[in-house]
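Everything on this sheet refers to the single structure shown next.
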Amino acid sequence: MNRLEAAVDRVLISEAKIAARVKKLGAQITKDYADKNPIIVGMLRGAVLFYGDLLKHVKIPCTLDFMCLSSYCGTCSTGEVRFLLDLRGSIAGRHVIIVEDIVDTGLTLDYVLKNLAHRGAASVEICTLLDKPSNRKVEVPVKYTGFKIKNEFVIGYGLDCDELYRNLPYIGVYRAG
Ligand code: 5GP
């Protein structure tokens, strides 16, 4: 076992399962936005791997943009959302899909949706790889979900612990200590 894998208590979602689900999500977005050119927003940095793989299965013209917010410190939410990077382009009149790694309390996406509400988008939808519904503090309308998971701290496939382990190719439960 290498040092990267030593941080994993157990594999929760394998590479193969992720790949199959991401392909289906891409096909669904392709169908739903068949006659639109959406802006697909990647939430840095947790969604990067998911975002890249998803886009390969989105077979319509689309614009890529990015946002970076932060609310986590180690394995516990600070509960305070900070805006680190905003969208580069205008979303006025455009259909927006926000691609996130995981919805936990919902505070981050609630903040994002409120922030985007005044920018005149034609629509804003959320696509998340993971959802931890049991930990929700604010309801957020999630249109596309990869996997619903229990309230465990997970790493890999973009998700970190103190900025490490994002490069694991699968999703694993973090081994504390
Ligand atoms: P929320 O604002 O919904 O509580 O949390 C959203 C952010 O918290 C996610 O984008 C992610 O960065 C982080 N987060 C929530 N749960 C986990 C988890 O189990 N593992 C990791 N690595 N990050 C998480």
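Values in this text are rule-based calculations from the coordinates and carry no lab data. Values in this document were obtained by computation on a predicted structure and should not be read as measured data. We place every Cβ from the backbone using ideal geometry, glycine too, and count neighbours over all the protein chains shown.
Please work out the C-alpha center-to-center distance from the range 149-167 to the range 88-122 and express it in whole Å.
Going from one Cα centre to the other spans 22 Å.
With a cut-off of at most 11 other beta carbons within 10 Å, and DSSP calling the residue loop, which trypsin sites (Lys or Arg not before Pro) in the range 1-108 qualify? Please list them.
Working: sites: ARG3, ARG10, LYS17, ARG21, LYS23, LYS24, LYS31, LYS36, ARG45, LYS56, LYS59, ARG82, ARG88, ARG94; in loops: ARG3, LYS36, ARG45, LYS56, LYS59, ARG88, ARG94.
Listed in order of number, the matching sites are ARG3, LYS56, ARG88.
Only four residue types carry charge here, +1 at the Cβ of Lys and Arg and -1 at the Cβ of Asp and Glu. Report the dipole size of the range 1-58 about the Cα centre in Debye, rounded to the nearest 20.
Values: 10 positive and 6 negative charges, 15 e Å.
Value, rounded to 20: 60 debye.
If packing is taken as the mean number of other Cβ atoms within 10 Å per residue, what is the order of 156-166, 125-135, 107-117, highest first? Intermediate values should be presented prior to the final figure.
Details: 156-166: 18.7, 125-135: 20.3, 107-117: 17.1.
By packing density, highest mean first, the sequence is 125-135, 156-166, 107-117.
What FRET efficiency do you get for LEU85 and ALA176 if R0 is 25 Å and r is their Cβ-Cβ distance, rounded to the nearest 0.05?
Details: r = 30 Å, r/R0 = 1.19.
Efficiency, rounded to the nearest 0.05: 0.25.
Just from its helices, what would the mean residue ellipticity at 222 nm be for the chain, if runs of 4 or more DSSP H residues each count -39500 (n - 2.57) and the sum is divided by every residue, rounded to the nearest 500 deg cm²/dmol? Each step should come with its number before you reach the end.
Details: 3 runs with 36 residues, N = 177.
Taking each H run of at least 4 residues, the total per residue is -6500 deg cm²/dmol.
Classify the range 82-177 as rounded, prolate or oblate, taking a ≥ b ≥ c as the square roots of the eigenvalues of its Cα gyration tensor: rounded when a/c is under 1.5, otherwise prolate if a/b is larger than b/c and oblate if not.
On the way: a/c = 2.18, a/b = 1.78, b/c = 1.22.
Taking the square roots of the gyration eigenvalues as a ≥ b ≥ c, the range 82-177 is prolate.
Set the Förster distance to 45 Å, then compute FRET efficiency between LEU164 and ALA34 from the Cβ-Cβ distance, nearest 0.05. Before the final figure, lay out the partial values.
Values: r = 40 Å, r/R0 = 0.88.
That gives a FRET efficiency of 0.70.
Label LYS143 and ALA92 with points 7 Å out from Cα along Cα→Cβ: what is the distance between them in nm?
2.2
What is the magnitude of the charge dipole of the chain about its Cα centre, with +1 placed on the Cβ of each Lys and Arg, -1 on the Cβ of each Asp and Glu, and no other charges, expressed in debye to the nearest 20?
Values: 24 positive and 20 negative charges, 91 e Å.
Here the size comes out at about 440 debye.
Counting pairs of alpha carbon atoms under 8 Å apart in space and at least six apart in sequence, what relative contact order in percent does the chain give?
Values: 347 pairs, mean separation 46.2, N = 177.
That works out to 26 percent.
If you plug each phi of the range 98-103 into the Karplus form 6.51 cos²θ - 1.76 cosθ + 1.60 with θ = phi - 60°, what whole-Hz ³J(HN,Hα) values come out, in order, with x for Gly and Pro?
8, 9, 10, 6, 8, 9
Please name which of TYR111, PRO141, CYS68 has its Cα lying farthest along the dipole of the chain towards the positive end, using unit charges on Cβ (Lys, Arg +1; Asp, Glu -1) and the Cα centre as origin.
PRO141
Could you estimate the translational diffusion coefficient of the range 88-131 from the Stokes-Einstein equation, with Rh from the Kirkwood formula over C-alpha pairs, at 4 °C and 1.567 mPa s, in whole µm²/s?
Details: Rh = 11.0 Å.
Rounded, D is 118 µm²/s.
Given the Cα atoms of the range 1-75, and with Rh set as the inverse mean 1/r over their pairs in the Kirkwood sense, what is Rg to Rh to two decimals?
Working: Rg = 15.3 Å, Rh = 14.4 Å.
Result: Rg/Rh = 1.06.
Nearest 5 is fine: what % of DSSP beta bridges in the chain come out antiparallel, could you say? Walk me through the numbers before you get to the answer.
Values: 13 of 35 bridges.
Taking every DSSP beta bridge with both residues in the chain, the antiparallel ones total about 35 percent.
Based on the Cβ-Cβ distance from LYS24 to ASN135, what FRET efficiency comes out when R0 is 22 Å, to the nearest 0.05? Numbers along the way, then the final one.
Details: r = 25 Å, r/R0 = 1.13.
Once rounded, the FRET efficiency stands at 0.30.
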